[in-house]
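Read the structure below first, then the notes.
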Amino acid sequence: MENVSAMVALACGLIVAFGAVGASIGIALMGGKYLEAAARQPEIMNDLQTKMFVLAGLIDAAFLIAVAVALLFAFTNPFVLPLAGLPT
């Protein structure tokens, strides 16, 4: 029982860590490409900026979903609690 709780805590930390790393790399790549495109064609910078902010929100939303899954496992651990209706 304690081993399962420890492994779930480790998994929650890994979910959040990998989600944060992935989101930061994605936003960094997107920001770099935005700067390259804005330097090549400054007249379309406003359109690109709007699209960049929409994509940044979507990338952050994926990270927040991963955090929500980690919190689900942290607070209502399905691996420790017995399933309803089944004998223990």
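Every read-out reported here was derived from the displayed coordinates using simple, explicitly stated rules and does not represent laboratory data. As the structure is a computational prediction, the values presented were derived from the model and not from experiment. Virtual Cβ from ideal backbone geometry, glycine too; neighbours counted across all protein chains shown.
Arranged by the count of other C-beta atoms within 10 angstrom, fewest first, what order do ILE44, ILE27 take?
Values: ILE44 12, ILE27 16.
Fewest to most other Cβ atoms nearby, the residues stand as ILE44, ILE27.
Can you tell me the mean projection area, over all orientations, of the convex hull of the chain's alpha carbons? Units nm², please. Intermediate results must be reported in sequence, preceding the final value.
Values: hull surface 28.3 nm².
Average projection, Cα convex hull of the chain: 7.1 nm².
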Original post:
Once label points are set 7 Å from the Cα along Cα→Cβ at both LEU64 and PHE18, what is their separation, rounded to one decimal in nm?
Top reply: 2.2 nm
Original post:
According to a simple spin-label model (label point 7 Å from Cα along Cα-to-Cβ), what is the distance in nm between THR76 and ASN46?
Top reply: 4.7 nm
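Do the sum for the chain: with -39,500 (n - 2.57) for every DSSP H run of n ≥ 4, divided by all residues, what is the mean residue ellipticity at 222 nm, to the nearest 500 deg cm²/dmol? Provide the component values of the computation, followed by the final result.
Details: 2 runs with 70 residues, N = 88.
Rounded to the nearest 500, the figure is -29000 deg cm²/dmol.
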**OP:** Compute the long axis of helix 2-40 from its Cα atoms, compare it with the longest principal axis of the Cα atoms of the chain, and write down the angle in degrees, 0 to 90, nearest 10.
**Re:** 10 degrees
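Find out how many positive minus negative residues lie around ALA38, taking Lys and Arg as positive, Asp and Glu as negative, among other residues whose Cβ is under 14 Å from that of ALA38. Please list the in-between numbers first.
Details: positive: LYS33, ARG40, LYS51; negative: GLU36, GLU43, ASP47.
The answer is 0.
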Original post:
Where does helix 45-75 land angle-wise versus the long Cα axis of the chain, in degrees 0 to 90, nearest 10?
Top reply: 10 degrees
